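One structure is given here, and the rest of the page talks about it.
The values are calculated or read from the model by the stated rules, or taken from the named source; none is laboratory data. Just so you know, these numbers come straight off a predicted model, no measurement behind them. Ideal geometry is used to build each Cβ from the backbone, glycine not excepted, and the neighbour counts take in all protein chains shown.
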């Protein structure tokens, strides 16, 4: 029994340690609504990060840009690129798909063959200028890890749109103070 409790404690501490650079909040994930009539073909293409929750896989990067393309097998290729402080371009290629055709805005994406798919839920988009994306995973029903992004088709986004998207997050009791603005200036013309 002592071994089991010690092992459980070590697992929890390990999860917390690996999530240190993430947003961790108390309680279960909030109930959110996604775009009900989501149209993936209209969503594909280029998106630029305008705001994001802290994510260790993006640490030290600016000018973060994603490109989504449909693959022959029906999945989505996700090609993310960013720029480090010394001007080097970093990239990651991921795979995405829709696990439930009845909820087309609830996508699943991963960037490693050994990683599980993570949630990529589109809460709001007009397809031509902005997108609000949220991801949340419960940990033992007492806490949760969340990611969020406000994306734009351009390197800027109108402040009124950003404010409206922040208000959507607040309506779900999601702490928008976790958003940080993404630097989209002095970006190399490689993407």
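Would you call residue 180 part of a strand (DSSP E or B), surrounded by fewer than 12 Cβ atoms within 10 Å (Cβ to Cβ), within 14 Å of the chain's Cα centre (by Cα) and touching a residue at least 60 places away in the same chain (Cβ under 8 Å)? Give the steps one after another, and end with the answer.
Values: part of a strand (DSSP E or B): yes; surrounded by fewer than 12 Cβ atoms within 10 Å (Cβ to Cβ): yes; within 14 Å of the chain's Cα centre (by Cα): yes; touching a residue at least 60 places away in the same chain (Cβ under 8 Å): yes.
Criteria met by residue 180.
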With the condition kept exactly as written, say whether any residue in the range 154-176 is touching a helix residue (DSSP H, G or I) at 6+ places or on another chain (Cβ under 8 Å) and part of a strand (DSSP E or B).
no
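Only one residue in 52, 28 is outside any strand (DSSP E or B), touching a residue at least 60 places away in the same chain (Cβ under 8 Å) and closer than 30 Å to residue 173 by Cβ, so which one is that? Working first, answer last.
Details: 52 fails: outside any strand (DSSP E or B).
Just one listed residue meets the conditions, 28.
Against the definition (under 20 Å from residue 153 (Cβ atoms), assigned to a strand (DSSP E or B) and either at pLDDT below 95 or touching a helix residue (DSSP H, G or I) at 6+ places or on another chain (Cβ under 7 Å) (or both)), how does residue 77 come out, yes or no? Talk me through it step by step, then tell me what you get.
Working: under 20 Å from residue 153 (Cβ atoms): yes; assigned to a strand (DSSP E or B): yes; either at pLDDT below 95 or touching a helix residue (DSSP H, G or I) at 6+ places or on another chain (Cβ under 7 Å) (or both): no.
Judged against the criteria, residue 77 is not a match.
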If only one of 124, 100, 158, 138 is at pLDDT 95 or above, in contact with a strand residue (DSSP E or B) (Cβ under 9 Å, 6 or more places away or on another chain) and more than 18 Å from residue 47 (Cα to Cα), which one is it?
100
